[in-house]
Amino acid sequence: MAKTSADLIPAPLSVEDTGDRTFVLAVDTALVAGPGTEGVAHWLRSTVGTALARPLPPGEPGAERAVRLRVDPALAPEGYRLTVADSVEIAGGSAAGVFWGAQTLRQLLGPDAFRRACADPGAARGIGWRVIEDAPRFGWRGMLLDVSRYFMPKEGVLRQLDLLAAHKLNVFHFHLTDDQGWRIEILRHPRLTEVGSWRARTKYGHRASELWDEKPHGGFYTQDDIREIVAYAAERHITVVPEIDLPGHSQAAISAYPELGNTDVVDTAALSVWDTWGVNPNILAPTEDVLRFYEGVLEEVLALFPSRFVHIGGDECPKDQWKESPTAQARIRELGLAGEDELQSWFIRHFDRWLADRGRRLIGWDEILEGGLAPGATVSSWRGYRGGVEAARAGHDVVMCPEQQVYLDHRQADGPDEPMPIGYVRTLEDVYRFEPVPPQLTPEEAAHVLGTQANVWTEVMQGQGRVDYQVFPRLAAFAEVAWSALPAPAERDFTAFAGRMETHYRRLDALGVGYRPPGGPLPWQKRPAPEKMKGGLGRPIDGSPPNV
Ligand code: ACM
């Protein structure tokens, strides 16, 4: 029979209409949870059940007109089959598959199913009969959130996890440390948060702006907060990959513990948590003491995050201080290294081994290729496809997140109307046409592309509203790229996707997401004069640099 999409996002593999009858979710509809699906049942009751005033009481296996959940190992691990007939059945290859099927059921039930309480208890809740078969294209479907540049209080992080789950994304890359703030409590080094989690003021806008927000900004997550976030994510079948960025992006740590920096060339005791944007010259010193310090940090991180992958950054590490530092130069000679790039590799290799000894895997930004890639390393390819191609050809795993395509801090339209128009112009359609697997890879090399993630750097996102605006609607397009079996970019049916987005905007409305309106932020008035904008943000209107 003809396929009906029901405006699902991300699009499933197949939808088959099985008649013009309707399943009605009633106040007494039972929920029958097979072994291993109790967590999904809990999620369905507490979200969809609450939103629609359908309590979904537990039912006996033989209950009629029920919603049934079961694990069927014959299906792909994250795949599911959703059958809507006299009963609804979600069979998943694992609990995760059942959960993604439950997300699809929520979409089928209409935008009201995305509310936190029931706005219309009397409304009929019917779904037409159909069978949906589905499974993801990639196992790594992620989003990075930078909570260093602007702290996102825990409630916002939990909400973000709900939003990822609603889009069938399963990796939350938690960028916890940077020059502008250290956000995770480390018990053995309390100054990391006592000193490193607050800054006195903040550059407002692009790094070239002359404006300052003259207020302290900061915050951090306690270890109990982190446990809660990790558990909340796990209930949603999302893995939290922590990032402790080193040896660059470390000024917040150095301001807390000046001995971590290159004290022979800089008065690190005079440093404070950085208050502006860009690439920072204050990097870690390549000493045994610094290695021991970060091993201590990572011991606590490993105890908190069960993720197999641990991200150690490795990006944007200017080597000027190492060039000048007698200590660093002595280290290079002592280790027989060719120069500063190899010194960075030595740093990364140390943690590659250290993590492997503890059953974990190191992942880092593509700069870790410079000076030689550590044997077990996986690469986050952000400066384009090139690093990912090189790593995959060398037999390393790769997560594709090129800034030219999937940096969601970058503006969504040309001209001055975007609130903070930095970076490349990347529209909803551009993201929809992003292809994570570079065509030059052989199938064997392409198998190293674990998947893809969208990165949300927050230099110009002071709070949740700004994050919502930058992330949505583009994350919906990204989710379809990461999950669905789409054709080659030029052949993708963006018009059909945009049509389905009409329904998806109603879901986002019900969720309370402050997305960029489809027509732009100021559809009813003329653009402000460019001169005014220029003065306000201190950045060129045209030819803005690709990164902040
Ligand atoms: C990065 O954008 N510096 C990974």
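The values are calculated or read from the model by the stated rules, or taken from the named source; none is laboratory data. None of these values were measured; they are calculated from a predicted model. A quick note on method: Cβ atoms are made from the backbone with ideal geometry, for glycine too, and the neighbour counts reach across all protein chains shown.
Find the residue count for region 127-162, including only residues that are under 30 Å from ASP275 (Cβ atoms), more than 13 Å from the chain's Cα centre (by Cα) and not charged (D, E, K, R). Can you show your working first?
Pass one, region 127-162, residues under 30 Å from ASP275 (Cβ atoms): 142-161.
Within this subset, residues satisfying the condition of being more than 13 Å from the chain's Cα centre (by Cα) are 148-156.
Remaining after also requiring not charged (D, E, K, R): 148, 150-153, 156.
Qualifying residue count for the region: 6.
Annotation: SER255 fulfils all but one of (1) in a helix (DSSP H, G or I); (2) of a type in the set (Ser, Thr, Tyr); (3) surrounded by fewer than 23 Cβ atoms within 10 Å (Cβ to Cβ); the unmet one is (3). Annotation for region 201-209: at least one member residue is surrounded by 16 or more Cβ atoms within 10 Å (Cβ to Cβ), more than 16 Å from the chain's Cα centre (by Cα), more than 16 Å from the ligand (Cβ to nearest atom) and outside any loop (DSSP other than H, G, I, E, B).
In region 373-389, the residues that are in contact (Cβ under 8 Å) with a residue 12 or more places away in the chain form Cβ pairs under 9 Å with partners that are within 11 Å of the ligand (Cβ to nearest atom) and hydroxyl-bearing (Ser, Thr, Tyr), at six or more places apart or across chains, as follows: TRP382/TYR407; GLY387/SER380; GLY387/SER381; GLY388/SER380; GLY388/SER381; VAL389/SER381.
Looking at THR327, THR276, can you tell me which residue is surrounded by fewer than 20 Cβ atoms within 10 Å (Cβ to Cβ), away from the ligand (no atom under 16 Å from the Cβ) and either hydroxyl-bearing (Ser, Thr, Tyr) or modelled with pLDDT under 95 (or both)? Can you show your working first?
Numbers: THR276 fails: away from the ligand (no atom under 16 Å from the Cβ).
Going through THR327, THR276 in turn, just one is surrounded by fewer than 20 Cβ atoms within 10 Å (Cβ to Cβ), away from the ligand (no atom under 16 Å from the Cβ) and either hydroxyl-bearing (Ser, Thr, Tyr) or modelled with pLDDT under 95 (or both): THR327.
The single condition among (1) touching a Ser or Thr at 6+ places or on another chain (Cβ under 8 Å); (2) surrounded by fewer than 17 Cβ atoms within 10 Å (Cβ to Cβ) that GLY364 does not satisfy is (2). Once region 230-252 is narrowed to residues that are within 16 Å of the ligand (Cβ to nearest atom) and in a helix (DSSP H, G or I), the residue that is surrounded by the most Cβ atoms within 10 Å (Cβ to Cβ) is ALA252.
Please enumerate the residues belonging to region 409-428 that are touching a strand residue (DSSP E or B) at 6+ places or on another chain (Cβ under 8 Å) and within 14 Å of the ligand (Cβ to nearest atom).
ASP409, GLY423, TYR424 - these are the residues of region 409-428 that are touching a strand residue (DSSP E or B) at 6+ places or on another chain (Cβ under 8 Å) and within 14 Å of the ligand (Cβ to nearest atom).
Here ILE90 passes the criteria (1) within 14 Å of ILE132 (Cβ to Cβ); (2) in a loop (DSSP other than H, G, I, E, B) except the one numbered (2). If the condition is being within 22 Å of LYS319 (Cβ to Cβ) and more than 15 Å from the ligand (Cβ to nearest atom), then region 378-408 contributes only GLU390. For region 495-518, the set of residues classified as part of a loop (DSSP other than H, G, I, E, B) and within 16 Å of ASP430 (Cα to Cα) consists of ARG516, PRO518, listed by residue number.
Residue under question is ARG236, and the condition is that it be at pLDDT 95 or above and closer than 18 Å to PHE151 by Cα; does it hold?
For ARG236, the condition - at pLDDT 95 or above and closer than 18 Å to PHE151 by Cα - is not met.
Yes/no matrix, rows are residues, columns are (1) free of Cβ contacts under 8 Å to residues at least 24 places away in the same chain; (2) buried (at least 20 other Cβ atoms within 10 Å of the Cβ); (3) in a helix (DSSP H, G or I); (4) within 32 Å of the chain's Cα centre (by Cα):
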residue	(1), (2), (3), (4)
ARG21	no, no, no, no
ASP28	no, no, no, no
GLY36	no, no, no, yes
GLY49	yes, yes, yes, yes
ALA74	yes, no, no, yes
PRO77	yes, no, no, yes
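Considering each residue of region 272-297, count those that are touching a residue at least 60 places away in the same chain (Cβ under 8 Å) and closer than 24 Å to ARG149 by Cβ, and give that number. Lay out the reasoning, then the answer.
The initial filter retains those residues of region 272-297 that are touching a residue at least 60 places away in the same chain (Cβ under 8 Å), namely 272-278, 280, 282, 284, 286, 293, 296-297.
Restricting the remaining residues to those that are closer than 24 Å to ARG149 by Cβ gives 272-278, 280, 282, 284, 293, 297.
Qualifying residue count for the region: 12.
Restricting region 350-377 to residues that are among the aliphatic types (A, V, I, L, M) and not in a loop (DSSP other than H, G, I, E, B) leaves a set whose member that is farthest from the ligand (Cβ to nearest atom) is ALA356. The residues of region 444-481 that are β-branched (Val, Ile, Thr), over 23 Å from ARG433 (Cβ atoms) and within 16 Å of the ligand (Cβ to nearest atom), listed by number, are THR458, VAL460. Out of ARG130, ARG141, one residue alone is in a strand (DSSP E or B), crowded, with 24+ Cβ neighbours inside 10 Å and among the charged types (D, E, K, R). It is ARG141.
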